[in-house]
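The values are calculated or read from the model by the stated rules, or taken from the named source; none is laboratory data. What you see is a predicted model, and the numbers here were worked out from it, not measured in a lab. Reconstructed Cβ throughout: ideal geometry from the backbone, glycine too, with neighbour counts over all protein chains shown. Just so you know, the surface numbers come from the protein's heavy atoms only, side chains and all, with ligands and any DNA or RNA stripped out. Shrake-Rupley method; radii C 1.70, N 1.55, O 1.52, S 1.80 Å.
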Amino acid sequence: MTSTCWQITFQAQEQYDERFSDFMEEFFEVTAQNYTPDNLDQYIGYTSGSFDEKGMKKLAASYGIELPAYDASELKSENWLKDYVIEFPPFEVGNFCIYGIHEKTAPQSDKTLLQIYAATAFGSNHQTTRGCIEAMCDLSSEGFAPRKILDIGTGSGILSLCAAKLWPNCKIIASDIDDEAVIVTNGNAQTNKLEAQITAVLSDGYQNKIINDFAPCDLVLSNILANPLIAFAPDLSSHLKSGGYCILSGFVDNQVSDVISAHEANGLKLIKLYSHDNWRAALMQKKD
């Protein structure tokens with residue numbers, strides 16, 4: 001039986017009101033967060049049945065937020081959650097073949113398989129994710145064997161999952177400011193039988209005590225956006241061992257200098273830059 005879903009796509013912003021994600025989670029059945037090619041943040045909400053536009057605006061007002069411009073699209077499908085939100089084609093990057101929970105059978109591949117649910121946490125098949133995975137695979141092929149890894153802004157947890165597969169003896173703290181991302185990451189770790197290695201926690205940057213107690217780390221992963229990367233550079237350095245590595249992404253070509261300079265000012269050096277379309281990922285090492 002065909003059912004109806006409404007997709008509400010909000011205009012991309014450099015920064016949303018900090019209360020916006022709470023509003024989204026209360027009003028919509030499913031939310032997704034994307035990055036646009038020009039490095040802006042974009043929220044999309046999905047709700048089944050009819051679209052209560054007045055109710056949405058009333059709830060936003062109760063949160064004290066002004067809604068950005070938005071487009072409303074009616075989607076019809078026997079399973080809109082599967083067809084429009086969860087589903088993405090299997091893709092290969094580095095040592096891995098990654099596929100969604102909607103797939104009835106695992107794809108044929110000679111690479112390491114990872115199965116994920118990514119509907120409400122951005123990033124699984126984005127150019128920035130690809131660059132980060134390639135950097136991790138390069139480190140692994142060179143014999144680097146981290147024991148403690150920190151993943152800041154984990155999203156769906158995809159980088160933590162890849163790290164756990166590359167380094168079976170490591171322990172990983174995966175953090176995100178969005179509690180839905182924490183739930184998704186923990187679920188993906190269980191799906192792939194990696195929960196013994198990965199612990200997902202709620203944190204604004206490096207603020208969670210669990211993160212501070214875990215430091216210093218051998219490897220820090222941070223696939224977020226340019227401005228928070230720059231702001232977090234001192235925290236990243238203080239949580240990273242001397243000689244340890246970090247992999248940064250979520251910035252575009254004209255932001256490379258600012259991101260790299262902020263981390264060089266905190267004792268790191270650039271090892272390699274990875275490019276996918278206009279997006280960049282950087283492998284850096286903390287000086288001895």
Subject >> Karplus-derived HN-Hα couplings along segment 204-212 (A = 6.51, B = -1.76, C = 1.60, θ = phi - 60°), whole Hz, x at Gly and Pro >> reply: 8, x, 9, 7, 5, 4, 4, 5, 5
Original post:
Pairing the Cα long axis of helix 179-191 with the longest principal axis of the chain, what angle in degrees results, from 0 to 90 and rounded to the nearest 10?
Top reply: 70
Original post:
In terms of modelled amide H atoms, which long-range or inter-chain residues lie less than 5 Å from the amide H of Val30?
Top reply: Tyr46
Original post:
Over the heavy atoms of Tyr43, what accessible area does a 1.4 Å probe trace out, to the nearest 10 Å²?
Top reply: 30
**OP:** Work out the length of the dipole vector of the chain about its Cα centre, built from +1 on the beta-carbon of each Lys and Arg and -1 on the beta-carbon of each Asp and Glu, and round it to the nearest 20 debye.
**Re:** 980
**OP:** Output the peptides 264-272, 192-200 sorted from most to least packed, where packing is the average of other Cβ atoms within 10 Å over each peptide's residues.
**Re:** 192-200, 264-272
Original post:
So which lysines can Lys171 reach, going by Cα to Cα under 28 Å and dropping same-chain residues fewer than 8 places off?
Top reply: Lys111, Lys148, Lys193, Lys209, Lys241, Lys269, Lys272, Lys286, Lys287
Original post:
Against the longest alpha carbon principal axis of the chain, how many degrees, from 0 to 90 and to the nearest 10, is the axis of helix 53-62 turned?
Top reply: 50
**OP:** Compare the peptides 92-98, 148-154, 47-53 by average per-residue count of other Cβ atoms within 10 angstrom and give them in order, highest first.
**Re:** 148-154, 92-98, 47-53
Original post:
Taking amide hydrogens as modeled 1.01 Å from N in the peptide plane, which residues meet the under 5 Å criterion relative to Leu221, leaving out close sequence neighbours?
Top reply: Leu150, Asp151, Ile152, Ile247
Subject >> With Cα atoms, 0 to 90° folded angle of helix 127-141 axis to the chain main axis >> reply: 30
Original post:
Over the chain, what is the percentage of antiparallel beta bridges among all DSSP beta bridges, to the nearest 5?
Top reply: 60
Subject >> Residue-normalised accessible area of the chain, expressed per residue, 1.4 Å probe, Å² >> reply: 45
